[in-house]
Structures are given as C-alpha cells and as structure tokens.
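The values are calculated or read from the model by the stated rules, or taken from the named source; none is laboratory data. Fair warning: this is a prediction, and the values are worked out from it, not measured in the lab. Note that we place each Cβ from the backbone using ideal geometry, even for glycine, and neighbour counts take in every protein chain shown.
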Amino acid sequence: MAKLLKGIEAAKSISARLQEDVALLKEQGVEPCLVILRVGQREDDLAYERGAMKRCDLVGIAVKNVVLPETVTQEELLAAVEEINKDDNIHGCLIFLPLPKHLDEEAVRRALAPAKDVDGITDGSLAAVYGGGGEGYPPCTAQACVELLKHYEVPLQGRRVVVIGRSLVIGKPVSMLLLNENATVTICHSRSEDLPAICKEADVLVVAVGRMGLVGADCVRAGQTVLDVGIHMDADGNMRGDVRFDEVEPLVDAITPVPGGVGSVTTAILAAHTVAAARKVLTK
Ligand code: NAP
C-alpha cells in the first residue's frame, strides 16, 4: 500500500509555526491582516473562503471580507483594489478568479500591489517565481505542492519530476518552484505525445490537468510519489482528483488523497504568505 501524503498533517505543522510567528509580530505591534475580495457568490469561492477564514483565525490573522455584487462595474472593482493597496493595515489580498465575464481580469491583476499579492496573480509575483527576488508570492496551490513534498521529506534534488499541466496558476509555477529545489523538471500538456511513457520516467509526478481521472495505472510505476492537484465532483457528489486513486495507489510508493491532499495545504500557504507580507512592515 502506498504511503498517504495527508495535507492536513503538513498544514498543522505550518500553522503551528505561523502561530508563533504571529505572536512575535503582535508583540512588535504588527497585526497581520488579510483581505478576501470576492465578486458574486460562486459555491467553490465560498467554500475556499470558509477554509481560509478558519485557517487565519487559527493562526491569529485578522480577515476582512470585501464582497461585491456580480453586477459590479470595472471602475468600482478597481476602486476597491486601490483602497486595499492604500491601507497600510492590510498586508495581503486574495482576489477570487475567474471574475465575471464583463470585467477585465488583466486590469484587476495589474491593479493589485504585488507586495500584497499573497496568491501570485500579479506580474510582480510571477516575476518573483520565475526570476527570483522581487515582490509578491507564488500561487498558493503551486507552493502547497512543494511544501507537502518537503513535509514528507520526499527527495527532490537531482530527481526527475514530471508536471502535467502548464497553467499560470499551477503547472508553470510549480515547475519553477521544483526547479528551484534542484529537481529535473519536465512539463507536459495536452499536446504532449505518449504521456504514459513520460510519466513513468518520473520519480515525482504532479498532476494538474483539470480532467477527472485522466491519470491511471498506465502512467505510473513502483517507486513513484504522485501529487494529485485536481478537484472535481463526480456524479454521486464525491470529490475526485485528476488521478484514478483506486488504480494508482496500489502501484506507487506515495500518493495524495483527494480530498485531504494538496487542497488542505493551500490555506496554510495563504496564511504563511500573509504573515510574510506583514513581517515586511518591520523592515520598511
Ligand atoms: P487549467 O488551467 O485547465 O490547465 C490544465 C492544464 O492541463 C493545461 O495546461 C492543459 O494543457 C493540460 N491538459 C489538459 N488535458 C490534458 C491531457 N489530456 N493531457 C495532458 N495535459 C492536459 O487547470 P488549472 O487551473 O491548472 O487546474 C488544474 C486542476 O487543479 C483543476 O482540477 C482544478 O480544479 C484544480 N485546482 C486545485 C486547487 C487545490 O487547492 N488543490 C486549486 C486550484 C485548482 P494545454 O495547456 O495544452 O491546454
């Protein structure tokens, strides 16, 4: 049986560390504060928001919710972002994407101050991920993958990592973060030929394709660690990943469950980025 890489365990240890960091910051007069900006009432946004608020409460981060109606205009939304940028008591901002179709998402991404961009949506954050240094933070889910691997002490240096997916939210940034850990990274996508053969070369396989159950027994072998980033609801209302867990789990060394894997670490990373952003106040 494969070892289960449980996100909750990694999230617990990150949270314990953050509780100490937040206590120290508060002693120095800094109250870490995150704004969650949501347009509309999408069910998956609401679910993530509840999880994020619970995590922030646990570690001592204050959360302000800015909720705008689905009909909000571009000007009103940009004005809300500008308010957040100007408020020195706000250290981090999470903006739920995608936005409703009538809004210019690029303009909103550009409007947010990279220093407050705790979920890696601005060009400043991407520059930090791809170029090193700079302001901003990697997208939380991408970093959650790396933190989960580190928590379970999965070796990365010199190892072959295959990432399936090349989105700006997960596939590309997680590939860069793993490259920074000195892994040898291959990125696959919908045009990649002979995906199973490439996947089998991996020591660590990161699956972020957004296709329920795309990866099955034909893509894996003994000795591998598999991270399943996918989140889907099946016809029976059960949460499923991009990996056919029942088929893959008996074959590999370690695997993340869905739910309870990568997704469970994401809010802990959001909290960690907010604390890091708050800490920067001390060095201003
Ligand atoms: P996305 O933007 O749709 O990107 C999917 C990527 O997978 C694309 O690069 C696409 O290739 C590639 N792909 C699609 N079909 C493929 C195939 N048959 N073979 C190989 N590659 C294929 O999705 P995303 O935003 O990165 O999200 C991926 C998954 O993560 C989704 O299930 C999403 O719900 C989940 N998610 C999880 C969390 C979490 O906290 N766990 C957070 C956010 C998202 P092309 O570029 O060629 O089209």
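For the stretch 246-280, which positions are surrounded by 16 or more Cβ atoms within 10 Å (Cβ to Cβ), in a helix (DSSP H, G or I) and more than 16 Å from the ligand (Cβ to nearest atom)? THR274, VAL275, ALA276, ALA277, ALA278, ARG279 - these are the residues of the stretch 246-280 that are surrounded by 16 or more Cβ atoms within 10 Å (Cβ to Cβ), in a helix (DSSP H, G or I) and more than 16 Å from the ligand (Cβ to nearest atom). In the stretch 190-201 there is no residue matching the filter, namely being surrounded by 15 or more Cβ atoms within 10 Å (Cβ to Cβ), touching a strand residue (DSSP E or B) at 6+ places or on another chain (Cβ under 8 Å), in contact (Cβ under 8 Å) with a residue 40 or more places away in the chain and not hydroxyl-bearing (Ser, Thr, Tyr). Scanning the stretch 55-73 for residues that are surrounded by fewer than 14 Cβ atoms within 10 Å (Cβ to Cβ) and part of a helix (DSSP H, G or I) yields a count of 1. Apart from one condition, ASP123 fits all of (1) of a type in the set (Asp, Glu); (2) touching a strand residue (DSSP E or B) at 6+ places or on another chain (Cβ under 7 Å); (3) over 27 Å from ASP228 (Cβ atoms); the exception is (2). Residues in the stretch 136-167 that are touching a His at 6+ places or on another chain (Cβ under 6 Å) and within 13 Å of VAL207 (Cβ to Cβ): ARG166 alone.
Considering the stretch 172-230, the residues that are basic (Lys, Arg) and within 12 Å of the ligand (Cβ to nearest atom) include one that is nearest to the chain's Cα centre (by Cα), namely LYS172. Would it be correct to say that VAL146 is assigned to a loop (DSSP other than H, G, I, E, B) and either under 27 Å from VAL63 (Cα atoms) or within 15 Å of the chain's Cα centre (by Cα) (or both)? No. The residues listed here are VAL108, VAL129, VAL81, VAL162; of these, the one that is assigned to a helix (DSSP H, G or I) and within 30 Å of CYS219 (Cα to Cα) is VAL129. Scanning the stretch 211-235 for residues that are in a strand (DSSP E or B) and surrounded by 14 or more Cβ atoms within 10 Å (Cβ to Cβ) yields a total of 6. Just a yes or no: is a residue in the stretch 56-68 closer than 18 Å to VAL39 by Cα and either modelled with pLDDT under 95 or touching a Cys at 6+ places or on another chain (Cβ under 8 Å) (or both)? Within the stretch 56-68, one or more residues are closer than 18 Å to VAL39 by Cα and either modelled with pLDDT under 95 or touching a Cys at 6+ places or on another chain (Cβ under 8 Å) (or both). Reported count of residues in the stretch 1-18, each being over 20 Å from the mean Cα position of the chain (by Cα) and surrounded by 15 or more Cβ atoms within 10 Å (Cβ to Cβ), is 1. Is it true that ILE121 is part of a loop (DSSP other than H, G, I, E, B), among the β-branched types (Val, Ile, Thr), without any contact (Cβ under 8 Å) to a residue 40 or more places away in the chain and within 14 Å of the ligand (Cβ to nearest atom)? It is true that ILE121 is part of a loop (DSSP other than H, G, I, E, B), among the β-branched types (Val, Ile, Thr), without any contact (Cβ under 8 Å) to a residue 40 or more places away in the chain and within 14 Å of the ligand (Cβ to nearest atom).
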